[in-house]
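Reviewing the structure listed below.
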Amino acid sequence: MDAIWNALDDPDSSKAGRRFAQIMPAFILFAVMFSLLQSLQPPPIDDVVAAVVDTFIDFVFLCEIVVRFVTCPNRWTFFLSAYNIIDLA
C-alpha cells in the first residue's frame, strides 16, 4: 500500500509515479477541453458518445480519489489536504 501511495503522492518515488505525474495533467486537460467543446452550440460530438466519454472521465477521477484514500497512511490528514477537498467537491 505504501508503494502505491508514494507513486501517487511523490512522482520521484518510482517510474510509475513519474508516469502518473505525466499522464494525469494531460488527462485533466483533455477533460477540460472536452467539456468546453461540448458547450458549443450545436455540440460537435453526439450526445450518447459525449455521455460515455464524460462517464469515463468521471470514473477515472473517482478511481484516483478512492485509491488515494484507501492507500493513504493517515485518513484524517487525507481530508485536511486542500487538493483532496477540491477533488471531493
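Among the candidates Asp12, Asp54, Asp2, the residue that is over 14 Å from the mean Cα position of the chain (by Cα) and touching a residue at least 12 places away in the same chain (Cβ under 8 Å) is uniquely Asp2.
Taken as a whole, the range 29-47 holds at least one residue that is at pLDDT 95 or above and among the β-branched types (Val, Ile, Thr). Considering Phe30, Phe34, the condition of being open to solvent by 50 Å² or more (accessible area, probe 1.4 Å) and part of a helix (DSSP H, G or I) is satisfied by Phe30 alone.
Just need a number here: residues in the range 38-89 that are farther than 30 Å from Asp10 by Cβ and open to solvent by less than 70 Å² (accessible area, probe 1.4 Å). Count: 7.
Hey, does the range 5-26 have a residue that's of a type in the set (Val, Ile, Thr), open to solvent by 60 Å² or more (accessible area, probe 1.4 Å), assigned to a helix (DSSP H, G or I) and in contact with a helix residue (DSSP H, G or I) (Cβ under 7 Å, 6 or more places away or on another chain)? No, the range 5-26 contains no residue that is of a type in the set (Val, Ile, Thr), open to solvent by 60 Å² or more (accessible area, probe 1.4 Å), assigned to a helix (DSSP H, G or I) and in contact with a helix residue (DSSP H, G or I) (Cβ under 7 Å, 6 or more places away or on another chain). Restricting attention to the range 39-89, and to residues there that are in a helix (DSSP H, G or I) and of a type in the set (Asp, Glu), which single residue is nearest to Ala7 (Cα to Cα)? The extreme case among them is Glu64.
The values are calculated or read from the model by the stated rules, or taken from the named source; none is laboratory data. Everything numeric here is computed off the predicted structure, so don't read it as measured data. Using ideal geometry, Cβ is built from the backbone for each residue, glycine included, and neighbour counts are taken over all protein chains shown. SASA here: full protein model, heavy atoms, side chains in, ligands and nucleic acids out. Shrake-Rupley method; radii C 1.70, N 1.55, O 1.52, S 1.80 Å.
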